[in-house]
Every structure is written in C-alpha cells, then in structure tokens.
2 protein chains.
Amino acid sequence: METVEARVLDAAERLFYGRGLQAVGMDAIRAASGVSLKRLYQVFSSKDSLVEAYLRRRDHRWRAALERFAEQRPAGRERILAVFDWLHQWFQEPDFRGCAFVNSYGELGAGHPGVAEAARSHKDAFRGYLATLVAGAGAAEALADQLVLLAEGAITTAAISGSPEPALHAREAARALLAAG
Amino acid sequence: METVEARVLDAAERLFYGRGLQAVGMDAIRAASGVSLKRLYQVFSSKDSLVEAYLRRRDHRWRAALERFAEQRPAGRERILAVFDWLHQWFQEPDFRGCAFVNSYGELGAGHPGVAEAARSHKDAFRGYLATLVAGAGAAEALADQLVLLAEGAITTAAISGSPEPALHAREAARALLAAG
DNA sequence: GCAGGGGGAGAACGTACGTTCTCCGTGGTG
DNA sequence: CACCACGGAGAACGTACGTTCTCCCCCTGC
C-alpha cells in the first residue's frame, strides 16, 4: 500500500546517493521504482524537483535517526560522544558513501541554488543539534563549532578511505576537547 | 612560450574545479584554452586522462603551497597551527569551492577508479605531512589523525557555508588538542 | 616556386538524457 | 454492453557531449 511518491523516492535515494545526481537518469529511476515515466512526471514535475525532494527527505531521516540514537544515552558528555558512535555505525553500512549533501553540493554547487540551499540548511540543522547537546553538557558554545568540524571531517575521511576508523579518532578528539573545556 | 599541455591544464583546472567534472565539456576546455580539439586529444587521449592529470597537478601544487607556507614558521606547534592559517587564507580566495578531491570523489566516486585513487592518495599525502609536523612537535602520533579531521571538516564546512570562519574554529580546536596532549 | 605535413575550425557521428507524446489495454460506471 | 478516464510501455524529440573526421591553410625544406 506504499504510495507512488515513496517508491520513487526510495529508488531515487538509492541511486542518487550511490552513483551521484548526474550519473542517474530518470529512466534508471523509472526502472528501479517500477513507476512509469508518465506517472513519475505527474508526481515530480522535473528531475530537479525530485532531487530536492530526495535531499529534503534524507535530511529529515538522517537527523531523526541520529537524534533517536543519541537520546538513548544520558544527557551531557555521554550524549555528545554518542554522536560519534552513531557515525561509526553509519560508516560501516555497506552502501555508505559519505554525506549526501556534501556530494551533491560538490557535484552541482554553484549553478544549482536548490541543492546548495539544501546542503546549507542540513549543515545548519546539524550544527544546531550539536549546540543543544553542548548546552546540555554545560560546555562552552564554541565547542559546537569544533565538534561540527570533527564530525564533518570524519564523514569525508571515512568515505574516501573506506574505513570507519575516523569516527573513533573524532570521538577521541571530542573527548579531549570536552575534558579540556 | 607556455606549453600546450600547461594551457589546457590551466583551463581544465579553472573549469573542473569551478563547475564540476561532468558539467564541463571538452568543448568548453577548448574554448577556454584556445587549443583546438585535435591538438587537445593529441596531448590527452580522453577526458578521463585529462581529469586525472588535472587532479595530479592540483595535488602537487596544493601540497607544495601548504608546505611553503608552513615552513616559514618555526617547527613545532607553531608550524602545525600555520596549517590552519593557510586554510583560512585559502577559504577567502574568491573561487574557493571546497576540496577538489572531495568534490570529484563525491561526483564520480565508485565507478571511476582513477578519481577515487587520486582522492585517496591526496588525503594520504596530506595526513603524512601532518604526521611529520606532529612528530616535529613531539606530540603523540594519534594527533595527526585528529588534525586531519579538523582540517577536512573545515574545508567542507567553509565551502558549504561560504565563510572562512571554520578555519579559525579548527585552529582553536587544534591548539586545545596540542595543549591537552 | 612547390610538395608535404602539421595544425585550426568546425562538421559529423554515435550515444545518452530530460521531457513529452502516442498508442493501447483495463477497469470502473451508466 | 458501451463509454471513458487513467495508466503503462516505449517511441519520439531536442539537446548536449565525447570523440573523430574533413577540409583548408600555412609553414617548412628543397
């Protein structure tokens, strides 16, 4: 009873995230979703609008998954370190290929304002979440910016190196910064 | 008296870095370099080989510029912090658009082994350089991995946010980690 | 002056893609 | 049964691109 929109977005996410935006044609999404081109264009008026819907849904899901995971740990330092444990788990998923927003921004960047805006707002929201965790731990607000860099760096480095280890290095650095602050 | 190869690589770097790999056609490189398609294909047998030459040259130049800058500071902690000062300068260049290797890897990633390998070896070399700086400062080797994450995160965050500030946050975090270690 | 070869401009070719259109079958409604 | 609105399959259309080819000019060596 899944809706057509959901089936299309599932296929789009698998393909766009796995192979890049420009490398995936609408026909590949039709084949992967089983939704005819005609119907597909009734639901998403263009490839651009499908790309933006993909990024929007991924942003919500990614942050919800992170928050669900972190909130199982006690607020404070524990919960901050949980972010890096979650990254470590994510990096080990077989289809992990880095940050969808960084990849999309790097591919289209300028010249595609919708994608650039999606990347900016995703990163802003992530920083905002870290800031609430930092406040909850009673640490200096500047720490949030530093944690963002560690997480961001870990995601990119894990993608390129193909190893989940950067999450552990980032976790250790975060621990040291928390202890120093 | 500039060689044809250099003119082509200059144009390729400007266009590939500024707009992405797939968004730039060979004809745009011909127009920007003033080298005819025929000559262009005599020097680079395919677009793929031009892309790889672009990444190779950029890797060398980028690391050489960083090392030239850092070596003006005294070895030790000063020289490690200089890395982040150099990033801060880079982020303010008007055509800064993040890391060419991260962008290329995100765009093509799997399915293009030459690009993936170029990204891996660039990041390895950068980590290697930081490791020598860390050793020169007498700090624990694990610090190199943490500094990589800060630098990597700063590059990506600066690109998406459009602000050079992440370099300062990364510098401050590096200072704290150095003091703690 | 002249033959020949290298190079430039751009056409040509094959392919891929975003988007739309045509044609047909089907299932619900009187 | 007759009608029709919808949806599927895939052809069609316009464009863009990687790569090669054609044609012509100019420069060199004799």
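The values are calculated or read from the model by the stated rules, or taken from the named source; none is laboratory data. Keep in mind that this is a model prediction, so the values were computed, not measured. Because the Cβ atoms are built from the backbone with ideal geometry, glycine has one as well, and the counts that use them run over all protein chains shown. Calculation scope for accessible area: heavy atoms of the full protein, side chains included, ligands and nucleic acids excluded. Shrake-Rupley method; radii C 1.70, N 1.55, O 1.52, S 1.80 Å.
Worth pointing out:
- Residue among A:G20, A:F91, A:A110 farthest towards the positive dipole end of chain A, charges placed on Cβ: A:G20
- With the highest mean first, a sort of the peptides A:11-17, A:107-113 on other beta-carbon atoms found within 10 angstrom per residue produces A:11-17, A:107-113.
- Mean Cβ count within 10 Å, highest first, over the residues of peptides B:53-60, A:171-178: A:171-178, B:53-60
- Over the protein assembly as shown - Rg/Rh using Cα atoms and the Kirkwood inverse-distance radius: 0.99
- Full-extension gain in nm, B:A75 to B:R61, via 0.36 nm per residue minus C-alpha separation: 2.9 nm
- Label geometry 7 Å along the beta-carbon vector: A:G18 inter-copy distances in nm: 3.6
- Angle between chain B longest axis and helix B:165-180 axis [Cα atoms, degrees, rounded to 10]: 40 degrees
- Exam field: B:G128 pseudo-label spacings to other copies (7 Å along Cα-Cβ), nanometres: 4.3
- Counted charge near B:R171, where neighbours are those whose Cβ lies closer than 11 Å (Asp, Glu -1; Lys, Arg +1): -2
- Relative contact order of chain B, pairs being alpha-carbon contacts under 8 Å that are 6 or more residues apart, as %: 22 percent
- Degrees separating the helix A:4-19 axis from the principal Cα axis of chain A, which is the longest one: 60 degrees
- Overall dimensions of the range A:27-167 by Cα: Rg and Dmax, Å: 17.1, 54
- For the pair the range A:100-139 / the range B:7-80, the C-alpha centres are spaced 28 Å from each other.
- Accessible-area composition of the protein assembly as shown, carbon plus sulfur, in percent [1.4 Å probe]: 51 percent
- Cα gyration tensor, the range A:89-163 - rounded (a/c under 1.5), prolate or oblate: oblate
- Counting, for every residue in B:106-116, the Cβ atoms of other protein chains within 10 Å of its Cβ and taking the mean gives 5.
- Between helix B:113-136 and chain B: long-axis angle, C-alpha atoms, 0 to 90°, nearest 10: 30 degrees
- Calculated label separations, B:P94, copies of the chain, 7 Å along the beta-carbon direction, nm: 4.9
- Simple Cβ-charge dipole of the protein assembly as shown, Lys/Arg +1 and Asp/Glu -1, about Cα centre, in debye nearest 20: 460 debye
- Here's the picture: charge each Lys and Arg Cβ at +1 and each Asp and Glu Cβ at -1 in the protein assembly as shown, and of B:T3, B:H60, A:L150 the one pushed furthest to the positive end of that dipole is B:T3.
- Within the shell defined by Cβ-Cβ distances under 14 Å, the residues around A:G111 carry a net charge of -3, with Lys and Arg each +1 and Asp and Glu each -1.
- Per-residue shielding of B:21-29, expressed as the average number of other chain Cβ atoms within 10 Å of the residue Cβ, stands at 2.
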